[in-house]
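What follows draws every value from the coordinates through simple rules; no lab data is involved. From a predicted model like this one, the values you see are computed outputs, not experimental measurements. Cβ coordinates were reconstructed from backbone atoms using ideal geometry, including for glycine residues, and neighbour counts include every protein chain displayed.
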Amino acid sequence: MPEDLIQDIERKKAQLDHLRPLSAAALAQLQKHYDIDLTYTSNAIEGNALSLRETAEVIEHGITVGGKSLRDHLEAVDHYGAVLWVRELAAATTPITETVVCELHRRIVARSQPALAGVYSRLPRRIAGSPVIFPNPARIPQLMEEFDAWLQAAAPGPASAFDAHFRLTAIHPFGDGNGRTARLLMNLLLIREGYPPIAVRTEDRKAYLDALERGSLADDLRPFQRLMHERLDATLVEYLSALQEALPQPAPDKIGRK
């Protein structure tokens, strides 16, 4: 990982920390914007047909979008609810464990695929067009137990959050929703450490999937770690800019005026 990128992230994180405590109103508005964006991008990567605006309308107003499937609508509602739960959990001291991962998955597919919610798959899992072969379903309970132990011992910080994402997708324990769960787990870990959540944009989809595939096939996580650190760096820029705009402006200097 380039040292200058790590330093840039640390510098921007320090700037963000300097702005704390943040205005409750400004923070709530910013979080809502990012939480809807997280829902849109994470679902879009998996094939959800709702646009960003349609996703916002479904979440904020319960509007049904003509020509879009019921599942698309339910996925938006489910994911946004899971994001809000992540926000609550990040502010608490509850350990992030295998149980939390299963509950996160349950919330992500609670309405759209209730039969799969929080349940480990008993069937082989494959991604169309990918040569990656996931572990035998009989191994999932043991692998998730080991993942739980790793989560408890992992050093805090972005690199561990991104590693957690990769490890969960590599196990692929659920019948569906693994990517969405891994991205929210990653963001749970980031938020708890004071970082903003990051979205994998639709334009990043190929690079993102290629990096995950390389990690599985070649045991090389460098492209994935770099991509996610770059997304964190860009998100910090956006976050700092938005917060600076929301800060109260100083009163005009009246010295010398009559």
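Side notes on the structure shown:
- For PHE174, distant residues with modelled amide H under 5 Å away: SER121
- Label-to-label distance, nm, for residues given as THR94 and THR64 (7 Å Cα→Cβ offset): 3.3
- Against the empirical 2.2 N^0.38 Å (N residues), the stretch 14-57 has a Cα radius of gyration ratio of 1.49.
- Cα centroids of the stretch 1-67 and the stretch 106-150: 26 Å apart.
- Between ALA91, ALA24, ALA117, the Gaussian network model of the chain with springs among Cα atoms under 10 angstrom shows the greatest mean-square fluctuation at ALA24.
- Remark: the SER241-ALA14 segment gains 80.3 nm on full extension, using 0.36 nm per residue and subtracting the alpha carbon distance.
- Calculated on C-alpha atoms, the gyration radius of the stretch 23-245 divided by its Kirkwood radius gives an Rg/Rh of 0.94.
- Think of it as helices only: each DSSP H run of n ≥ 4 in the chain is worth -39500 (n - 2.57), and spread over all residues that comes to -21000 deg cm²/dmol at 222 nm.
- Net charge over other residues, Cβ less than 12 angstrom from the Cβ of ALA155 (K, R count +1; D, E count -1): -2
- Ellipsoid equivalent to the stretch 167-231 - semi-axes via the Cα gyration tensor, in Å: 18, 15, 12
- Using a Gaussian network model of the chain in which every pair of alpha carbons under 10 angstrom is joined by a spring, one finds that among PRO124, PRO196, PRO158 the greatest mean-square fluctuation is at PRO124.
- In percent, rounded to a whole number, the relative contact order of the chain is 23, using alpha-carbon pairs under 8 Å and six or more apart.
- Structure remark: mean-square fluctuation, Gaussian network model of the chain, C-alpha springs under 10 Å; the largest value among ILE133, ILE45, ILE171 belongs to ILE133.
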